[in-house]
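Notes to accompany the following structure.
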Amino acid sequence: MPRLVVLGGGAAGMSAASAARRTAPDLEVVVCEANGFAAYGMCGIPYYVGGVVAEAEDLLAYPPETFRAARGITLRLNTRAVAVDPDEHTVVVETAGRRETLTYDRLVYAAGAAPVRPPIPGLEHERVFTVRALEEAIRLRGLLDRGIVRRALVVGAGYIGLETAEALVEKGVEVTIAEALPRPLTTVDEPLSLLVEKEVRRHATLLLGTAVTGLRVNGAGLLVALSGRPDVAVDAVVLAVG
């Protein structure tokens, strides 16, 4: 039986796998997803963090069992591809520290992009989050629900940064937003951006023309160094810089 291996269980990967199953019923379809969830709406992550979406599972388009039972797709979660040999038609995957080699007749690469983590000292801390993986959102939501995060810094004032800042404000968090550019939401025309800036300042501290230069542990929280401004003490940092 010919085999299709799809690397990436996001919207594109699962759509490709489902389309392949429909057009070639005899094809074996295997999807390898590096994280613990597949086919979920990443755009909904800020709304889960803020509590508008009650449960993380509510962001799933379909539960994993649907792909296995109803569509005949083998979905392997927490399985990361570490090497591909296109000449031999093999891919090496790793699950829970164990590696194995899968053969394939066709390969679809749909792993998506990785969030930007600037090369700034301290950003590897466990209280520094990105808005990409649902696992990170679950950890952040847990800290919020337990009242551990009362002050947060959001780095980036684009769409995702502002949505995340709004979610944190809704959870009662004191939010500071650091944006390196001179205005927020630079993808829109300046008059609209200025209206957004005015509204944001009603709910959060907005620092424009400000870059993060470092981060260090400060008791139970973090102390973030900013360009040209005093350090900011927070309980968590969210990166939303692309």
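The values are calculated or read from the model by the stated rules, or taken from the named source; none is laboratory data. Remember, predicted model here, so these are calculated numbers, not experimental data. Every residue, glycine as well, gets a Cβ built from its backbone with ideal geometry; the counts of neighbours run over all protein chains shown.
Taking the conditions exactly as written (in a strand (DSSP E or B), touching a Phe, Trp or Tyr at 6+ places or on another chain (Cβ under 7 Å) and at negative phi), does LEU75 satisfy them or not?
Yes; evaluated as a whole, the condition is true for this residue.
For region 1-25, name all the residues that are under 20 Å from ASP105 (Cβ atoms), in a loop (DSSP other than H, G, I, E, B) and within 23 Å of the chain's Cα centre (by Cα).
GLY8, GLY9
Counting only residues that are free of Cβ contacts under 8 Å to residues at least 12 places away in the same chain and over 15 Å from the mean Cα position of the chain (by Cα), how many does region 101-123 have?
Number satisfying all stated conditions: 2.
Of the numbered conditions (1) over 13 Å from VAL5 (Cα atoms); (2) touching a residue at least 60 places away in the same chain (Cβ under 8 Å); (3) small (Gly, Ala, Ser); (4) not assigned by TED's automatic domain parsing to the domain that holds GLY158, ALA81 satisfies every one except a single condition; which is it?
Status for ALA81: all satisfied but (1).
What number goes with the only condition from (1) surrounded by fewer than 16 Cβ atoms within 10 Å (Cβ to Cβ); (2) under 26 Å from GLY97 (Cβ atoms); (3) more than 23 Å from the chain's Cα centre (by Cα) that GLU28 does not pass?
Evaluating GLU28 over (1) surrounded by fewer than 16 Cβ atoms within 10 Å (Cβ to Cβ); (2) under 26 Å from GLY97 (Cβ atoms); (3) more than 23 Å from the chain's Cα centre (by Cα) leaves (1) as the failure.
Only residues that are in a loop (DSSP other than H, G, I, E, B) and of a type outside the set (S, T, N, Q): list them for region 26-36, please.
ASP26, LEU27, GLU33, ALA34, GLY36
For region 88-111, does any single residue satisfy the condition of being part of a helix (DSSP H, G or I) and either of a type in the set (Val, Ile, Thr) or under 30 Å from ALA157 (Cβ atoms) (or both)?
Checked against the condition, which is being part of a helix (DSSP H, G or I) and either of a type in the set (Val, Ile, Thr) or under 30 Å from ALA157 (Cβ atoms) (or both), region 88-111 yields no hits at all.
Here's the yes/no breakdown for (1) hydrophobic (A, V, I, L, M, F, W, C); (2) within 30 Å of THR164 (Cα to Cα); (3) modelled with pLDDT under 95; (4) surrounded by 18 or more Cβ atoms within 10 Å (Cβ to Cβ):
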{"residue": "GLY13", "(1), (2), (3), (4)": "no, yes, no, yes"}
{"residue": "ILE45", "(1), (2), (3), (4)": "yes, yes, no, yes"}
{"residue": "VAL52", "(1), (2), (3), (4)": "yes, yes, no, no"}
{"residue": "PHE67", "(1), (2), (3), (4)": "yes, no, yes, yes"}
{"residue": "LEU77", "(1), (2), (3), (4)": "yes, yes, no, no"}
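If you check ARG141 against the conditions, is it among the charged types (D, E, K, R), surrounded by 14 or more Cβ atoms within 10 Å (Cβ to Cβ), part of a loop (DSSP other than H, G, I, E, B) and not assigned by TED's automatic domain parsing to the domain that holds GLY51?
In short, no.
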